[in-house]
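To start, the structure under review is shown below, and the notes come after it.
The values are calculated or read from the model by the stated rules, or taken from the named source; none is laboratory data. Everything numeric here is computed off the predicted structure, so don't read it as measured data. Cβ atoms come from the backbone with ideal geometry, glycine included; neighbour counts cover every protein chain shown. All accessible areas refer to the heavy atoms of the entire protein, side chains included, with ligands and DNA or RNA removed. Shrake-Rupley method; radii C 1.70, N 1.55, O 1.52, S 1.80 Å.
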Amino acid sequence: MSDEAAPVHLLLVDDEASLREPLAEYLTRQGFVVSQAETAAAARSLLLEETPQLVLLDIMMPGEDGLSLCRHLAEAKDLPVILLTARGEATDRIVGLEIGADDYVVKPFEPRELVARINSVLRRSARGAPPPQEDALYEFEGWQLDPVKRRLTDPQGALVSISSAEFRLLIAFLTNPRNVLDRDRLLDMVQGRGAHLFDRAVDNQISRLRRKIEEDSREPRLIQTVRGGGYVLACDVRRVAPEAK
């Protein structure tokens, strides 16, 4: 991290003090500012006062589990999340990625690997946010997306909540209308191949996005499946200056 840049603020949520506290000390030595919470409830309270740039989140915790908190962070807070899990099964990893996590590490892990993943997720999040000067709105089939404020409104003008992962996926389609995007390209555009993601994770994120923008997600008209090829946004997209609204 640059000396001129403000240190990155992380929130570490894990009920195991024997892991959480040494890890927080290590990350602090790496130049991060680290807040700690031992439960999801404590994390929610802390988030009322602080706004970290990334959350490191244990899945298995007493009370509300990490997956429930992850869903809240992705949809309500638009915060990047890296899951910390002792579970090695692919199903648990996929579920976390489907509900909005950006990456995961399996315990026990090498702290240096975690730092590399933190930096990778932060870089991807920065790439996913358009520069301030590119503030023109995207309009498609009556829908409108503000790429700076990350606000999606339906044809009736109602605000529709989307997660960080859904936003990046929608941007990928809006910047490539009527072009077929296969799963590999979508993984590159949305998460980066450095993350250990799965085709099924892409399919499920598209299903979630369809449920929000399609009249009938079972018969999608906007995001169509191309057999053997991937997906295509089957409509025209135009950019509109915010002041023209």
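Okay, residues lined up against (1) modelled with pLDDT of 75 or more; (2) buried (at least 19 other Cβ atoms within 10 Å of the Cβ); (3) part of a strand (DSSP E or B):
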{"residue": "ILE82", "(1), (2), (3)": "yes, yes, yes"}
{"residue": "GLU113", "(1), (2), (3)": "yes, no, no"}
{"residue": "ALA116", "(1), (2), (3)": "yes, no, no"}
{"residue": "LEU122", "(1), (2), (3)": "yes, no, no"}
{"residue": "PRO131", "(1), (2), (3)": "no, no, no"}
{"residue": "ASP135", "(1), (2), (3)": "no, no, no"}
{"residue": "PRO155", "(1), (2), (3)": "yes, no, no"}
{"residue": "GLU166", "(1), (2), (3)": "yes, yes, no"}
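The numbered conditions (1) within 30 Å of LEU152 (Cβ to Cβ); (2) in a helix (DSSP H, G or I) are all true for ALA42 except (1). Of all residues in the range 154-169, those that are over 21 Å from VAL202 (Cβ atoms) have Cβ atoms under 9 Å from Cβ atoms of residues that are open to solvent by 30 Å² or more (accessible area, probe 1.4 Å) and assigned to a loop (DSSP other than H, G, I, E, B), 6 or more apart or on another chain, in ASP154/GLY142; PRO155/GLU141; PRO155/GLY142; GLN156/GLY142. Of everything in the range 214-229 that is within 19 Å of VAL160 (Cβ to Cβ) and either open to solvent by less than 50 Å² (accessible area, probe 1.4 Å) or more than 25 Å from the chain's Cα centre (by Cα) (or both), the residue that is modelled with the lowest pLDDT is SER217. Only one of the numbered conditions (1) at pLDDT 90 or above; (2) within 17 Å of ILE99 (Cα to Cα); (3) open to solvent by 40 Å² or more (accessible area, probe 1.4 Å) is not met by ASN204, and that is (1).
Evaluate the following for ALA126: is it closer than 25 Å to ILE162 by Cα, part of a helix (DSSP H, G or I) and at pLDDT 85 or above? Answer is no for this residue.
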